[in-house]
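Before any comments, here is the structure.
The values are calculated or read from the model by the stated rules, or taken from the named source; none is laboratory data. On a predicted model such as this, the values are computed, not experimentally measured, just so you know. Virtual Cβ from ideal backbone geometry, glycine too; neighbours counted across all protein chains shown. Heavy atoms of the whole protein, side chains included, go into the accessibility calculation; ligands, DNA and RNA do not. Shrake-Rupley method; radii C 1.70, N 1.55, O 1.52, S 1.80 Å.
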Amino acid sequence: MTANSTASKAMAQHTSPERLAELGIVGAGGGGFPAAVKFRTKVSLVSANAAECEPLLHKDKELLHHIAEPFLRGMALAMEMVGAREGVVGIKEKYQDIIAALEAVAPPGVRVQALPDCYPAGDEFILVHMVTDRVIPPGGLPKDVDCVVANVETLINMALDRPVTHKYLTVAGAVATPVTLRCPVGITIGEAIEAAGGPTVDDFGVLLGGVMMARPAATLDVPVTKTTGGIIVLPATHSLILRHNAPVQQIRRIGRSACDQCRFCTEFCPRYLLGHPIQPHRAMQSLGFETGADAMVATLYCCECNLCTMFACPEDLDPKSVCVQAKPLARERGLTFKGSPESITPHPMAEYRRVPMRRLIAKLGLGEFNNVGPLVDYPFTPRSVRVLLKQHAGVPSIAVVKSGDRVRVGDLLASPPEGKLGARIHASIDGVCKLEDDAVVIEA
């Protein structure tokens, strides 16, 4: 496909924030922010986040390899919606084949930015700084520096112009065949794991998302949502499973007694290196001492990338969890950054403290697992799906169907309350509805 044909297709297809809301499109990278709200702004640059820096995940790379045309069309549509003159695709420099392929067909105004293979390159604050040299202010958004950031899959969904009923995700770790799959929203994570050949160990745990910012899965019946980007299976005794399931009381007790204020957590913190007022070592200090408002503000701007806990701390403590626990109190007290955006200056050593993925994978004990995830066309035929009413930022949607109603793929199941932040939810299989408090179950 030529650059001109990609651009002309994008210009022929018109969309709007209202259409994005109608289709239920949200940020597919994990946050689930409604795209309709994000693309109502006017900025000069759209950045596609293809960094995908969580270990073992390959979803975005696979999408760019196999279905780049709708991605580029979505990029052009996004630029048209916000009035942007420039589009940037941020992708790891190690994917030279994909970079070359994208550059060959990119529409006018879109360029590819090669990123270092480090963590957390996919954090939008870090990404924006890498591609524009601008620093989003503490508590701010990309639009504050004249930019909008969108995930690869989000842009593809915009171009396809149909309700979001399926989700791409990588299943990796202790499974027979690590793969990237297109799953109906609402199937269980257990079904997705079986599509990867099943676990290779008898006793295992599951992390949802990526291993760094994961949410432990309580059971294999947890449903896939619009924001599920990864399912990582690990032996139950693996340090990552144990760490993500550690009780809060244990984290605080050990942190209070063992932290020697070495500052490694702060010195490796990506947001601190951007110049933000975040200092995880101050949060750890607050476990044993009353350190005042400054320490509370220092926790508020934690991006929860978990680098301080998983990589930096030499004593295996958990500064990230301490920061997260302190955030609500900081907000309750109205503690915010009082400086001007112009006062934010990146640390002079920021470029030299990036954590390479190979070192992170080794530190996390993931080297034994096959770090691949090819996209495969798996024929899912679920007998039922459980479609959650909240799988996005904002408030839960309200069902517009009743128990006993018959629906087809793409039919509307739920809408957000009038005037509230939320997203529409659609049927992912044909079948009969059964309403639950927090979900619509569809039985085929």
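Scanning for something among the acidic types (Asp, Glu), assigned to a helix (DSSP H, G or I), within 27 Å of THR177 (Cβ to Cβ) and modelled with pLDDT of 95 or more, does the range 84-99 turn up at least one residue? Within the range 84-99, one or more residues are among the acidic types (Asp, Glu), assigned to a helix (DSSP H, G or I), within 27 Å of THR177 (Cβ to Cβ) and modelled with pLDDT of 95 or more. The residues of the range 56-85 that are more than 16 Å from GLU103 (Cα to Cα) and in contact with a strand residue (DSSP E or B) (Cβ under 8 Å, 6 or more places away or on another chain), listed by number, are LEU56, LEU57, HIS58, LYS59, ASP60, GLU62, ALA78, MET79, VAL82, ALA84, ARG85.
Being open to solvent by 40 Å² or more (accessible area, probe 1.4 Å), farther than 24 Å from PRO356 by Cβ and of a type in the set (Gly, Ala, Ser) narrows it down to one of ALA76, ALA68, ALA101, so name that one. Walk me through it before giving the result.
Working: ALA76 fails: open to solvent by 40 Å² or more (accessible area, probe 1.4 Å); ALA68 fails: open to solvent by 40 Å² or more (accessible area, probe 1.4 Å).
Answer to the selection: ALA101.
Residues that are open to solvent by 20 Å² or more (accessible area, probe 1.4 Å), touching a Gly at 6+ places or on another chain (Cβ under 8 Å), more than 25 Å from PHE337 (Cβ to Cβ) and in contact (Cβ under 8 Å) with a residue 40 or more places away in the chain within the range 239-291 comprise SER239, ASN245, listed in sequence order. Please go through the range 178-213 and give me each residue that is touching a residue at least 24 places away in the same chain (Cβ under 8 Å) and open to solvent by 30 Å² or more (accessible area, probe 1.4 Å), ordered by number. Matches in the range 178-213: ARG182, THR188, GLU191, PRO199, THR200, VAL201, ASP203, PHE204, MET213.
Matching residues to (1) basic (Lys, Arg); (2) touching a residue at least 24 places away in the same chain (Cβ under 8 Å); (3) out of contact with any Gly (no Cβ under 8 Å at 6 or more places or on another chain); (4) under 30 Å from PHE264 (Cα atoms):
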residue: LEU360; (1), (2), (3), (4): no, yes, yes, yes
residue: LEU388; (1), (2), (3), (4): no, yes, no, no
residue: ASP405; (1), (2), (3), (4): no, yes, yes, no
residue: GLY410; (1), (2), (3), (4): no, yes, yes, no
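The sole residue among LYS61, LYS42 that is open to solvent by 10 Å² or more (accessible area, probe 1.4 Å), charged (D, E, K, R) and more than 29 Å from GLU351 (Cβ to Cβ) is LYS42. Residue count for the range 323-365 under the criterion of being within 25 Å of LEU234 (Cα to Cα) and buried (at least 17 other Cβ atoms within 10 Å of the Cβ): the result is 5.
Every test in (1) among the hydrophobic types (A, V, I, L, M, F, W, C); (2) within 30 Å of THR299 (Cβ to Cβ); (3) not in a loop (DSSP other than H, G, I, E, B) is passed by ALA21 save one, and that test is (2). Of the numbered criteria (1) crowded, with 19+ Cβ neighbours inside 10 Å; (2) touching a Gly at 6+ places or on another chain (Cβ under 9 Å); (3) free of Cβ contacts under 8 Å to residues at least 60 places away in the same chain, the one PRO216 fails is (1).
So which residues in the range 361-374 are among the aliphatic types (A, V, I, L, M) and within 26 Å of ALA192 (Cα to Cα), if there are any at all? Spell out how you get there, then give the answer.
First, pick out the residues of the range 361-374 that are among the aliphatic types (A, V, I, L, M): 361-362, 364, 366, 372.
Of everything in the range 361-374, those that are among the aliphatic types (A, V, I, L, M) and within 26 Å of ALA192 (Cα to Cα) turn out to be ILE361, LEU364, LEU366, VAL372.
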